[in-house]
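Asker: This is the structure, below, for whatever I ask next.
Taken together, the values in this text are just the output of simple stated rules run on the coordinates, not laboratory data. For clarity, every value in this text was computed on a predicted model and none was experimentally measured. We place every Cβ from the backbone using ideal geometry, glycine too, and count neighbours over all the protein chains shown.
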Amino acid sequence: PEEARDELAALAAEMARANLAYHRDDAPEISDADYDALKLRNAAIEAMFPELKRSDSPSEQVGAAPSEAFAKVRHAKPMLSLENAFDDAEVVEFVERVRRFLNLAPDAPLAFTAEPKIDGLSLSLRYEDGVLVTAATRGDGEVGENVTANARTIADIPDRLDGAPGVIEVRGEVYMSHADFEALNLRQAETSGRTFANPRNAAAGSLRQLDPKITAARPLRFFAYAWGELSAPLADTQDGAIARLHALGFATNPLMRRCESVDEMLGQYRLIEGQRATLGYDIDGVVYKVDRLDLQARLGFRSTTPRWALAHKFSAERATTE
Ligand SMILES: Cc1ccc2cc(C(N)=O)cc(O)c2n1
């Protein structure tokens, strides 16, 4: 029994640390599966020595373990990641690959959009008949976490839409500005002593708080940049669709431009890179997308990335906010 008591104490400490890392700092130290294994071991020892059950045992608490913290949501359309490019030559290759796939002559017009790649965390917002019904994190791309109550506290996210398709899933990035991040860390240092390493962790940790009142006190922002299920098209082009999202009340990034050539794409990349230090929020590259949505549909997706999009990353600079 003495070893059992010691092991229960060790398990309790490890689970408490895992919970803190997961819920407050959104930097899970162990996987859901590992956490569940700790809970199982804990339950097994309690079964053998019921008198040793601790008051802080997870079998005493109702749910709220990392793996059950948020209900799971299966995305109607997978939330994909983007293929990366690190230099101009890879961008030229991407455009040539798109032309070949579409069987376009080298001089045939082919427009792209170029926009800053926000360094936050993806969120999918489902509206039905203009009402926000579900907000879900990306998760593994197929299944995310239901964070609807928390998303409702974000000012940039409308609770209702007028004039939208009956079903519309808006996708974008939740992020925290540098100024809000510094102020939050000051507050954190004075209260809990736990500060966040960077704005992305602070945004993710704030969005995945169990208590929406805590999320409401966190200054989170949102840029819309894509969509999932739609019961009717938004427009014929990427540029037009983003303009439509803006008209519906979403914040979209003002540095997005339609580009008629690779040179214009690379020019927009340099313009955005030049403004990187003055935006007031973190970006880690530029996203190019084929502008015409009929061409996006023809290009389709590889297993996890669209053929019609590319993320052109900035060279990794010494982190400026850590
Ligand atoms: C399709 C897709 C996937 C991930 C994206 C991510 C970002 C971003 N992090 O800003 C922007 C986009 O337009 C994206 N578009």
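Asker: With a Förster radius of 22 Å, plug the Cβ-Cβ distance of SER192 and ASN146 into 1/(1 + (r/R0)^6) and report the FRET value to the nearest 0.05.
Answerer: 0.30
Asker: Between ARG218 and residues 5 or more places away or on another chain, which pairs have amide H atoms under 5 Å apart, with H built 1.01 Å from N, and which residues are they?
Answerer: none
Asker: Could I ask something else about it? Determine by what factor the alpha-carbon radius of gyration of the chain differs from 2.2 N^0.38 Å, reporting the quotient.
Answerer: Working: Rg = 22.6 Å, N = 322, 2.2 N^0.38 = 19.7 Å.
Taking N as the residue count of the chain, the ratio is 1.15.
Asker: Kindly list the residues of the range 248-281 that lie in the label zone of SER231, defined by a backbone N under 19 Å from the point 7 Å along the Cα-to-C-beta vector.
Answerer: 248-249
Asker: Packing-wise, with mean Cβ within 10 Å as the measure, how do 179-192, 199-212 rank, highest first?
Answerer: Result, highest mean Cβ count within 10 Å first: 199-212, 179-192.
Asker: Among MET176, ASN84, ALA226, flag the residue with its Cα farthest along the positive direction of the charge dipole of the chain, charges on Cβ as +1 for Lys/Arg and -1 for Asp/Glu.
Answerer: The residue sitting most towards the positive pole is ALA226.
Asker: Would you please state which residues of the range 120-143 a label at THR304 would reach in this model, taking the label point 7 Å out along Cα→Cβ and a backbone N cut-off of under 12 Å?
Answerer: So the set is 140-142.
Asker: Taking 30 Å as the cut-off for C-alpha to C-alpha distance, list the pairs among LYS39/LYS72; LYS39/LYS313; LYS39/LYS117; LYS72/LYS213; LYS39/LYS213; LYS77/LYS313 that go past it.
Answerer: From LYS39/LYS72; LYS39/LYS313; LYS39/LYS117; LYS72/LYS213; LYS39/LYS213; LYS77/LYS313, over 30 Å: LYS39/LYS313; LYS39/LYS117.
Asker: Under the definition of Cα pairs under 8 Å and six or more residues apart, what whole-number percent is the relative contact order of the chain?
Answerer: Result for the chain is 24 percent.
Asker: Sticking with this structure for a sec: If the chain between PHE101 and ARG258 were fully stretched, how many nm would it gain, using 0.36 nm times the residue separation less the Cα-Cα distance?
Answerer: Net length gain for the segment: 54.4 nm.
Asker: Could you rank the peptides 155-163, 76-84, 170-178, 99-107 by their average count of other C-beta atoms within 10 Å per residue, with the highest value first?
Answerer: 170-178, 76-84, 155-163, 99-107
Asker: Here's something else I'd like to know. Within the range 175-208, name every residue whose backbone N is under 19 Å away from a label modeled 7 Å from Cα of ALA316 along the Cβ vector.
Answerer: 197-201
Asker: Using a Gaussian network model of the chain whose springs link C-alpha atoms within less than 10 Å, name the residue from PHE94, PHE196, PHE86 with the highest mean-square fluctuation.
Answerer: PHE86
Asker: Related question: Provide the gained length on full extension for the span ASP156 to MET48, in nm with one decimal, where the gain is 0.36 nm per separating residue minus the Cα-Cα distance.
Answerer: The ASP156-MET48 span can extend by a further 33.7 nm.
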